[in-house]
Amino acid sequence: MLQQTSPEIGGMGHSVKRKEDLRFIQGKGTYVDDVRLPGMVYGHMVRSPYAHARIKGVNTEAAKALPGVLAVITGEDLAKAGLAWMPTLFHDKQMVLATGKVLFQSQEVAFVVAEDRYTAADAAELIEVD
Amino acid sequence: MANKHAIRVKVNGIEHAAEVEPRLLLVHFIREVLALTGTHIGCDTTNCGACTVLLNGRAVKSCTVFAVQADGHEILTIEGVAQNGKLHPLQEGFKAEHGLQCGFCTPGMILSSYALLAKNPHPSEQEIRWGISGNLCRCTGYQNIVKAVQYAAGKMS
């Protein structure tokens, strides 16, 4: 038998109009990419084009020299800080940025921080991974 | 990157003048220079259609258009779809027919449908599905989106 509350009470067995739709259908939602904070900077990931390869060296000099670039971080930098391998929610440990070897295509190799997203992308292109 | 171009673009009826790098994408111009964040970036590769806007009435994916290409032209974004505080029938339809859940694809869906209904006010279900085939939705499913467009077509005729 269909369980239904009375129309005055509503709830069970009655459709409900969503309250959040009004902002979404007018472009007034706030998604993470819409957030703008004072002093916000942008990041860009350099990823491996290879599925399995040894990293002999990562040259970040040209990227760091680009005006507007604030930081270039590699796996080696993280290793020095003891942050190259970090625990996940599944109780294992994973590489944050690759050290020594990449194990899958598109694995994260280096990370650029810059004042705007186009500069970050430019700098990422200047990073040489051997 | 000092090479900048002066552009004038009419967005949602308002004229904007700006100096932009030739490589600036239209979607970044809309979202970051004009701060109209209703236009979304879903994929960056012109697959998903979340960034769809109307350029002189034609639906375009603004992540594959440069801001300089819009110079001298008119853009309609989701923020300009409602007129004088009144929702467009498409917006009513998406709400009434439960055509959204997370709402991320909705602005693109509405603008693609807007262009479709301007050309074809009485589309068949097949034509609606074809009209929104460049827009991906990952939560609602297309059934209710099609119903939302049918709702709007009915209201507008």
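What follows draws every value from the coordinates through simple rules; no lab data is involved. Here the structure is a predicted model, which is why all the values come from computation and not from measurement. We place every Cβ from the backbone using ideal geometry, glycine too, and count neighbours over all the protein chains shown.
Adding -39500 (n - 2.57) for every DSSP H run of four residues or longer, then dividing by how many residues chain A holds, sets the calculated 222 nm ellipticity at -4500 deg cm²/dmol. Listed by chain and number, the lysines placed with their C-alpha closer than 27 angstrom to that of B:LYS95 are A:LYS17, A:LYS19, A:LYS28, B:LYS61, B:LYS86, B:LYS119, B:LYS147, B:LYS155; residues fewer than eight positions away on the same chain are left out.
Taken over chain B, the alpha-carbon convex hull comes to 102 cubic angstrom per residue. For the range B:1-66, the fraction of alpha-carbon pairs lying more than 21 Å apart is 19 percent, rounded to a whole number. Here is the list for the range A:1-105: trypsin sites (Lys or Arg not before Pro) lying in DSSP coil, each with at most 15 other C-beta atoms within 10 angstrom of its C-beta, are A:LYS17, A:ARG18, A:LYS19, A:LYS28, A:ARG36, A:LYS56.
Counting only DSSP beta bridges with both residues in chain B, tell me the antiparallel percent, nearest 5.
90
Dividing the convex hull volume of the alpha-carbon atoms in the range B:111-152 by its residue count gives 63 Å³ per residue.
Most tightly packed first, judged by the mean number of other beta-carbon atoms within 10 Å of their residues, the peptides B:5-12, B:46-53, A:38-45 read B:46-53, B:5-12, A:38-45. Mean per-residue shielding of peptide A:27-38 is 5, counting Cβ atoms of other chains within 10 Å of each Cβ. Other residues lying with their Cβ under 12 Å from the Cβ of B:GLY72 contribute a combined charge of -1, Lys and Arg counting +1, Asp and Glu -1.
Assign one of three labels to the protein assembly as shown, namely rounded, prolate or oblate, based on the Cα gyration tensor with a ≥ b ≥ c the square roots of its eigenvalues; rounded applies when a/c is under 1.5, prolate when it is not and a/b is larger than b/c, and oblate otherwise. Oblate. Helix A:117-126: angle to the longest alpha-carbon principal axis of chain A, degrees 0 to 90, nearest 10? Computed tilt is about 30 degrees.
Under the combined filter of DSSP loop state and at most 14 neighbouring Cβ atoms within 10 Å, the range B:61-157 retains these trypsin sites (Lys or Arg not before Pro): B:ARG138.
List the longest stretch of chain A that has no exposed loop site; here a site is one of the GluC sites (Glu not before Pro) assigned by DSSP to anything other than H, G, I, E or B, with at most 15 other Cβ within 10 Å.
A:21-114
How would you classify the range B:32-112 from its alpha-carbon gyration tensor, with a ≥ b ≥ c the square roots of the eigenvalues: rounded for a/c under 1.5, else prolate if a/b is greater than b/c, otherwise oblate? Judged from the Cα gyration tensor, the range B:32-112 comes out oblate (a/c at least 1.5, b/c at or above a/b). Sorted fewest first by neighbouring Cβ atoms within 10 angstrom, B:LEU55, A:LEU37, A:LEU83, B:LEU100 come out as A:LEU37, A:LEU83, B:LEU55, B:LEU100.
Compare the Cα positions of B:THR140, B:THR106, A:VAL129 along the charge dipole of the protein assembly as shown (+1 at Cβ of Lys, Arg; -1 at Cβ of Asp, Glu; about the Cα centre) and return the one farthest towards the positive end. Result: B:THR140, furthest along the dipole toward the positive end.
Other residues with beta-carbon under 11 Å from the beta-carbon of B:GLY13 carry, at +1 per Lys or Arg and -1 per Asp or Glu, a net charge of -2. Assuming a ≥ b ≥ c are the square roots of the Cα gyration tensor eigenvalues, decide whether the range B:80-119 counts as rounded (a/c under 1.5), prolate (otherwise, with a/b larger than b/c) or oblate. Oblate.
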